[in-house]
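Here's the structure we're looking at; comments come further down.
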Amino acid sequence: MPLAPLCLLAQSNQKRESVGGNQSVVVTPVPRLSFILAKLIPYWLIALFVITVCLLLLSGLFTPVRSMPFWSYLTTYVNPMHYFIDAIRTVFLRGGGLSAIAPQVLALVLIGLTMAAWAVKSYKKNG
């Protein structure tokens, strides 16, 4: 999935070169990195949308988690939307309070802390 935007970008650049439309890019006073990043942003947004839809479909919002195949049932343990939807159902449908949704809140906090630690660890300062 992460390589798909790069492949699409390479194909669009190759198509532009074969048609002869690359002359306008050559004379533009835009740095190469900025140009490539600007071309990649729409593909990243599409990938983000697809990932969000997949997480939503596997969260248990539309189908019960227990009726999913085993492999997709296992993905719900790392899906933050599953815990959020389960907490919302507990509060609105069952009338539960904070003590009833404590496991879901704890799971969301743990997922958030894990993602924050991963982001800090993978951050590289330039220069």
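The values are calculated or read from the model by the stated rules, or taken from the named source; none is laboratory data. Everything quoted here is computed from the prediction, not taken from an experiment. As a convention, Cβ positions derive from the backbone with ideal geometry for all residues, glycine included, and neighbour counts pool all protein chains shown.
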Unmet criterion (only one of (1) under 21 Å from I51 (Cβ atoms); (2) over 22 Å from the mean Cα position of the chain (by Cα)) for G112: (2)
Residues that are over 21 Å from the mean Cα position of the chain (by Cα) and surrounded by 11 or more Cβ atoms within 10 Å (Cβ to Cβ), drawn from the range 80-104: A87, I88, R89, T90, V91, G96, A100, I101, A102, P103
The lone exception for S59 - which of (1) without any contact (Cβ under 8 Å) to a residue 24 or more places away in the chain; (2) small (G, A, S); (3) not in a helix (DSSP H, G or I) it fails: (1)
Residues of the range 30-88 classified as among the charged types (D, E, K, R) and modelled with pLDDT of 90 or more, total: 1
